[in-house]
Amino acid sequence: MRVLNTVESLQSVLQSARESGKTIGFVPTMGNLHQGHLSLVEKAGDSCDLVVVSIFVNPLQFAAGEDLDTYPRTLAEDRAKLEQQGCDILFAPTVAEMYPEGQRIETQVDLPTLSQMHCGITRPHFFKGVATVVVKLLCMVLPTRAFFGEKDRQQLTIIRQVVKDLSLPVVIEGVPTIREPSGLAMSSRNGYLSDAGRERAAYLYRLLSEVREQIEQGARDYPALQQRANQALAAEGFEPDYFHICQQQSLQPASESDRELAILAAAKLDGTRLIDNIAFRISPLA
Ligand code: PAF
């Protein structure tokens, strides 16, 4: 595996790869890699000749007071995991390499509707930072396919929208969430939880699954289901942020006639913000 830190070296290596007809699979990450990330790398390897992974903790997507400074940076361990997973190129730029003119860059990618719902309500800065860095990375790597986890469903939806709106020549692949045996979705932020906290955190997925079952069995009063779910989270010691039953593609609130649904939820447990979601299709009521 080659480790590259500059945009120039990355572009020169990838230019040669493209000239020799290789397809490029790209997995952007912020590091502190777990099995969820490695499943993206595996998928990239299954469908592309060359796998590029980036590790960059993007300051643009953190607001003041969030965990930018304490976000786990574990480059040596990440490097070993990527090597073992068959990654070909690790791109690990510095902040100055990514934002040579400083972080107040003039051109930013904003999706005023999609980025202000769900997680965007309490993190209004977040998706602009994500969309901007992802577009920069896609322009640097020019991959054939780029891989994102379904765990971050709103992020995945936003990236798909950006690629469509800007006609970027890349195929976006969503990869299913990898879960702990308890059902807890794997996430770098799970590391902030104690062992007992991790066990309790698994309740979020159990609740998502329970509400899905209720909908599959005919429940259609979505505002009431959402309200009860928030109460149930609070009763289990979570600080609920949102619990939304949505249309799967648009992520707009679902109505009774929608068949393709996603339930998105975010809640804090012991100060750690957890997000998860579940997507499913229901048949029309008999
Ligand atoms: O999902 C993440 O790890 C980040 O939001 C991403 C896509 C790498 C952009 O910084």
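The values are calculated or read from the model by the stated rules, or taken from the named source; none is laboratory data. Quick caveat, the model's predicted, so the values are computed rather than measured. Cβ: placed from backbone, ideal geometry, glycine included. Neighbour counts: every protein chain shown.
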Checked pairs for region 58-75, first under 18 Å from Q108 (Cβ atoms) and at pLDDT 95 or above, second of a type in the set (D, E) and within 13 Å of the ligand (Cβ to nearest atom), C-beta under 6 Å and 6 or more apart or across chains, list as none
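Considering only residues that are more than 9 Å from the ligand (Cβ to nearest atom) and of a type in the set (K, R), look in region 138-154 and name the one that is farthest from F91 (Cα to Cα).
Taking region 138-154 as the starting set, the residues that turn out to be more than 9 Å from the ligand (Cβ to nearest atom) are 138-147, 150, 153-154.
From what's left, of a type in the set (K, R): 145, 153.
Values: R145: 16, R153: 24 Å.
Among those that are more than 9 Å from the ligand (Cβ to nearest atom) and of a type in the set (K, R), it is R153.
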Within region 15-44, of all residues that are more than 11 Å from the ligand (Cβ to nearest atom) and aliphatic (A, V, I, L, M), the one surrounded by the most Cβ atoms within 10 Å (Cβ to Cβ) is A44
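Which of the residues that make up region 172-209 are aliphatic (A, V, I, L, M) and away from the ligand (no atom under 16 Å from the Cβ)? Write out each step before concluding.
Within region 172-209, the subset aliphatic (A, V, I, L, M) is 172, 175, 178, 184-186, 193, 196, 201-202, 204, 207-208.
Passing the criteria: L184, L193, A196, A201, A202, L204, L207, L208.
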Turns out the strands (runs of 3 or more DSSP E) fully within region 192-286 with at least 1 residues that are closer than 22 Å to H34 by Cα and in contact with an Asp or Glu (Cβ under 9 Å, 6 or more places away or on another chain) are 260-269, 272-281
The one condition S47 fails out of (1) hydroxyl-bearing (S, T, Y); (2) within 14 Å of the ligand (Cβ to nearest atom); (3) surrounded by fewer than 20 Cβ atoms within 10 Å (Cβ to Cβ); (4) under 19 Å from F26 (Cβ atoms) is (2)
Within region 158-191, of all residues that are of a type in the set (S, T, Y) and closer than 29 Å to T6 by Cα, the one surrounded by the most Cβ atoms within 10 Å (Cβ to Cβ) is S187
Output for Cβ contacts, cut-off 7 Å, separation at least six or different chains, first residue in a loop (DSSP other than H, G, I, E, B) in region 144-169, second within 11 Å of the ligand (Cβ to nearest atom), reads L168/L138
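Could you identify the single residue in L40, L4, L50 that is within 24 Å of the chain's Cα centre (by Cα) and more than 26 Å from T177 (Cβ to Cβ)? Give the steps one after another, and end with the answer.
On the way: L40 fails: more than 26 Å from T177 (Cβ to Cβ); L50 fails: more than 26 Å from T177 (Cβ to Cβ).
Residue meeting the stated conditions: L4.
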Of the candidates F91, F127, the one satisfying the condition of being within 13 Å of the ligand (Cβ to nearest atom), of a type in the set (F, W, Y) and under 18 Å from V27 (Cβ atoms) is F91
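Does region 158-168 contain at least one residue that is within 15 Å of the chain's Cα centre (by Cα), closer than 27 Å to T70 by Cβ and within 15 Å of the ligand (Cβ to nearest atom)?
Filtering region 158-168 down to residues within 15 Å of the chain's Cα centre (by Cα) leaves 158-162.
Applying the additional criterion that residues be closer than 27 Å to T70 by Cβ yields 158-159.
Restricting the remaining residues to those that are within 15 Å of the ligand (Cβ to nearest atom) gives 158-159.
Scanning region 158-168 turns up at least one residue that is within 15 Å of the chain's Cα centre (by Cα), closer than 27 Å to T70 by Cβ and within 15 Å of the ligand (Cβ to nearest atom).
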Across region 236-286, the tally of residues that are surrounded by fewer than 16 Cβ atoms within 10 Å (Cβ to Cβ) and on the phi > 0 side of the Ramachandran plot stands at 3
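Among the listed residues V135, V53, identify the single one that is in contact with a Cys (Cβ under 8 Å, 6 or more places away or on another chain), within 12 Å of the ligand (Cβ to nearest atom) and of a type outside the set (S, T, Y). Steps first, please.
Working: V135 fails: in contact with a Cys (Cβ under 8 Å, 6 or more places away or on another chain).
Among V135, V53, only V53 is in contact with a Cys (Cβ under 8 Å, 6 or more places away or on another chain), within 12 Å of the ligand (Cβ to nearest atom) and of a type outside the set (S, T, Y).
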